[in-house]
1. What list of ³J(HN,Hα) values in whole Hz, one per residue of region 52-66 in order, does the Karplus curve 6.51 cos²θ - 1.76 cosθ + 1.60 (θ = phi - 60°) give from phi, with Gly and Pro shown as x?
2. Rounded to the nearest 0.05, what FRET efficiency do V40 and T73 give with R0 = 30 Å and r taken as the Cβ-Cβ distance? Could you check?
3. Calculate one ³J(HN,Hα) per residue across region 99-106 by plugging θ = phi - 60° into the Karplus curve 6.51 cos²θ - 1.76 cosθ + 1.60, and present them in order as whole Hz with x for glycine and proline.
4. So, R0 is 41 Å and r is the distance between the beta-carbons of S108 and T88; what FRET efficiency does that work out to, to 0.05?
5. Quick one: which residues, 5 or more positions from Y68 or on another chain, have an amide H under 5 Å from its amide H? H modelled 1.01 Å from N in the peptide plane, none for Pro or chain starts.
6. List the residues whose amide H sits under 5 Å from the amide H of V11, counting only those 5 or more places along or on another chain, with H placed 1.01 Å from N in the peptide plane.
7. In terms of modelled amide H atoms, which long-range or inter-chain residues lie less than 5 Å from the amide H of K38?
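What follows is calculated from the coordinates using simple rules that are stated; it is not laboratory data. Please read all numbers here as calculations on a predicted model, not as lab measurements. Note that each Cβ is placed from the backbone with ideal geometry, even for glycine, and that neighbours are counted across all protein chains shown.
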Amino acid sequence: MSQGDFVFLKVSSWKKVLRLGRKGKLSPRFIGPYRILKRVGPVAYQLELPPELDQIHDVFHVSMLRRYHSNPTHIISVEEIKVRPDLTFEEKSVQILDRNVRVLRRNSIPLVKVF
């Protein structure tokens, strides 16, 4: 890792220090990506954190970081999603991949896997 690279920050060990939306099993393990500002020591890096994380120190041990590999497929333009003013969107199915029927004790539930 070097200056200017992007990394994810491990937050799963911060139980009561920082609340990030959900708690328990569904809480995020890593947040980011954040840019590395500089290398502070042999195994410590200073990150460029957003203002909402100003209550924590910005220098982290290398074990708390995971390299971010840039991928153009991660970027979704807002025009593709077409978000409405009430922050909802319509999801359209493209193709039916598989059909299945799940049989329970008294009921059968038809399942459809779409893409």
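1. 6, 10, 6, 7, 10, 6, 9, 10, 10, 5, 4, 5, 8, 10, 9
2. Numbers: r = 33 Å, r/R0 = 1.10.
So the FRET efficiency works out to roughly 0.35.
3. Rounded to whole hertz, the list is 10, 7, 10, 8, 9, 9, 4, 10.
4. Numbers: r = 32 Å, r/R0 = 0.78.
Rounded to the nearest 0.05, the efficiency is 0.80.
5. F6, V7, F8
6. Hits under the 5 Å cutoff: F30, I31.
7. Sorted by chain and number, the residues that satisfy this are Q46.
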